[in-house]
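Taking it in order: structure first as structure tokens, then the write-up.
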Amino acid sequence: MDEPANPLNDNNSQRLSGWSMLAFVVAAPLIGLLVFWLLPERSNLLVLSAFFATCLLALVIAVMPLGRNAPAALGLRPVGWRPVVFAVLGTTVLSFAVSQLGPQPEGVKQVTEGIQGTARILQTLAVLGLLAPIVEELVFRGLFYGWLAGRWSNLVAFVLSSLAFAAAHTEPLHILLVLPLGFWFGWLRWRTGSLVPTIVAHIINNTIAVSAAALLSP
């Protein structure tokens, strides 16, 4: 998996500047406060939906000045099927290994607790299995990685974006369990030059986790 040319390292292409990061950091909490205030209820799933939707909207605002260069700058570039399959298999094995190291984080338990009924399962899958991994990859290994890689290097981007991804899960146990996946996804982003393998692998990983929680739910 040779690393393809990265437009972030090309002086002739637009980069994710500090202004893009600043726009995201400012827009996300402002939009979030408004959305949270408008929520009709405060259920865990609805709050998470609002949170990830807010981050996605703030991201769109942050990269809008890049125009057509935005997808490539975020790492949304075509890649062959082999890196995708490799990413999915590696993620599945690593995720299973990590899950054997300790108890399930309390935050995960609260969100997945009592997933019963087709409607409830589909809603949870839509949020945690689809929306969450897409947004997390776009923010951490798209926007944040892209800005760091353009400003410093891919190595710096790999390390700091992986650590930030883990830290964003806030609960100490969850951070420790997510950290290996963070470095794995960061390495994939670095080696393939694309966000596609990590997005696909992340979606499948979360979908499996939610489905397992639903099946094991009493």
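For region 82-94, does any single residue satisfy the condition of being under 19 Å from Val127 (Cα atoms), surrounded by 18 or more Cβ atoms within 10 Å (Cβ to Cβ) and not aromatic (Phe, Trp, Tyr)? So far as region 82-94 goes, no, none of its residues is under 19 Å from Val127 (Cα atoms), surrounded by 18 or more Cβ atoms within 10 Å (Cβ to Cβ) and not aromatic (Phe, Trp, Tyr). A Cβ distance below 9 Å, combined with a sequence gap of six or more or placement on separate chains, defines the contacts here; from region 59-81, residues that are within 14 Å of Leu188 (Cβ to Cβ) reach residues that are surrounded by fewer than 17 Cβ atoms within 10 Å (Cβ to Cβ) in the pairs Arg77/Pro4; Arg77/Pro71; Val79/Met1; Val79/Pro4; Gly80/Met1. The single condition among (1) open to solvent by 50 Å² or more (accessible area, probe 1.4 Å); (2) more than 18 Å from Phe24 (Cβ to Cβ) that Ala167 does not satisfy is (2).
Scanning region 44-78 for residues that are open to solvent by 40 Å² or more (accessible area, probe 1.4 Å) and in a loop (DSSP other than H, G, I, E, B) yields Leu76, Pro78.
Whether any residue in region 185-194 is within 22 Å of Ser49 (Cβ to Cβ) and assigned to a helix (DSSP H, G or I) is what I want to check. Taking every residue of region 185-194 in turn, none turns out to be within 22 Å of Ser49 (Cβ to Cβ) and assigned to a helix (DSSP H, G or I). Selection of region 193-218 for residues being of a type in the set (Ser, Thr, Tyr) and buried (at least 18 other Cβ atoms within 10 Å of the Cβ) yields Ser194, Thr198. Each residue in region 133-149 was checked for being surrounded by fewer than 22 Cβ atoms within 10 Å (Cβ to Cβ) and at pLDDT below 95, and 0 of them qualify. Screening Asn154 on (1) touching a residue at least 12 places away in the same chain (Cβ under 8 Å); (2) more than 26 Å from Leu66 (Cβ to Cβ); (3) surrounded by fewer than 21 Cβ atoms within 10 Å (Cβ to Cβ) shows it passes everything except condition (2). Yes or no: Trp190 open to solvent by 40 Å² or more (accessible area, probe 1.4 Å), modelled with pLDDT of 95 or more and in contact with an Asp or Glu (Cβ under 8 Å, 6 or more places away or on another chain)? Considered against the rule, which asks whether it is open to solvent by 40 Å² or more (accessible area, probe 1.4 Å), modelled with pLDDT of 95 or more and in contact with an Asp or Glu (Cβ under 8 Å, 6 or more places away or on another chain), Trp190 comes out as yes.
The values are calculated or read from the model by the stated rules, or taken from the named source; none is laboratory data. Owing to the predicted nature of the structure, the values given are computational and were not obtained by experimental measurement. Because the Cβ atoms are built from the backbone with ideal geometry, glycine has one as well, and the counts that use them run over all protein chains shown. Each accessible area value is taken on the protein alone, full model and side chains, heavy atoms only, with ligands, DNA and RNA left out. Shrake-Rupley method; radii C 1.70, N 1.55, O 1.52, S 1.80 Å.
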